[in-house]
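Read through the structure below, which is laid out as structure tokens, and then see the notes.
The values are calculated or read from the model by the stated rules, or taken from the named source; none is laboratory data. Remember, predicted model here, so these are calculated numbers, not experimental data. FYI the Cβ positions are ideal-geometry reconstructions off the backbone, even for glycines, and counts take in every protein chain you see. Only protein heavy atoms, including side chains, enter the accessible area calculation; ligands, DNA and RNA are left aside. Shrake-Rupley method; radii C 1.70, N 1.55, O 1.52, S 1.80 Å.
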Amino acid sequence: MTYYTIGGIVGRSFPIILFTSIIGILTGQILNFQIENLVSMPIILILIPALIKIGGDTGSMLGARLSSALHMGLGGNVYHNPVVRNSVLSAFIVGMCAFTFLGIVVWITGMVLEMEIAFATLMALCLIAGTFELLVVYSATLVIAFASHRFGVDPDDTVIPVIATLGDLIGVIGIFITMHLLNII
């Protein structure tokens with residue numbers, strides 16, 4: 001069986017790693033283009049790493065659950081499947097709780113470090129950017145997991161690295177869109 005040989009694993013993983021590297025570079029360039037806005041509000045620099053991590057982590061958690069379900073024979077109508085529905089809903093609840101907690105912790109940190117920002121503004125930034133990130137990342141997770149399985153690629157090899165990297169990109173984009181919507185920058 002060549003599926004679990006070193007050559008087979010490297011052959012399937014290399015294109016994924018190449019793709020995620022390119023997305024990571026793109027994400028870094030987006031941050032680089034906005035460096036003046038970020039330096040002017042240091043509290044946002046505290047917020048960004050944790051916010052983008054939550055989306056990628058909960059999306060990867062959802063992808064792992066879907067991958068396991070696909071390996072165990074998840075079938076039928078995907079849109080009405082309780083395993084998919086409950087997995088997405090539970091991941092969304094975990095993500096939103098994490099974004100709320102993050103907003104509180106960053107606000108307290110800002111108060112201690114004398115980088116004040118209005119609590120409502122910070123919570124709105126966390127929750128709006130977070131909701132945008134979760135919706136996009138979870139949609140991509142569903143598409144990638146089911147497409148990988150359908151085309152005979154192990155979802156474990158594709159979903160987690162792609163979603164973790166995509167979570168970074170979408171999170172950064174979501175933060176800047178939300179900052180513009182809230183007239184922060």
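Structure notes:
- Within the stretch 91-144, the set of residues being open to solvent by less than 50 Å² (accessible area, probe 1.4 Å) and either among the basic types (Lys, Arg) or closer than 13 Å to ASP57 by Cα (or both) comprises ALA91, GLY95, MET96, ALA98, PHE99, GLY130, GLU133, LEU134, VAL137, TYR138, THR141.
- Residue, modelled with the lowest pLDDT, within the stretch 66-81, restricted to residues that are within 23 Å of ASP157 (Cβ to Cβ), surrounded by fewer than 17 Cβ atoms within 10 Å (Cβ to Cβ) and under 24 Å from the mean Cα position of the chain (by Cα): VAL78
- If the condition is being in a helix (DSSP H, G or I) and aromatic (Phe, Trp, Tyr), then the stretch 134-159 contributes TYR138, PHE146.
- Residue satisfying condition, being within 30 Å of ASP154 (Cβ to Cβ), out of contact with any helix residue (DSSP H, G or I) (no Cβ under 8 Å at 6 or more places or on another chain), open to solvent by 20 Å² or more (accessible area, probe 1.4 Å) and not hydrophobic (A, V, I, L, M, F, W, C), within set PRO42, PRO49: PRO49
- Scanning the stretch 113-133 for residues that are closer than 15 Å to LEU45 by Cβ and assigned to a helix (DSSP H, G or I) yields LEU122, LEU125, CYS126, ALA129.
- Tabulated pairs, the stretch 144-166, first under 14 Å from SER68 (Cβ atoms), second of a type in the set (Asp, Glu), C-beta under 8 angstrom, 6+ apart or interchain: SER148/ASP154; SER148/ASP157
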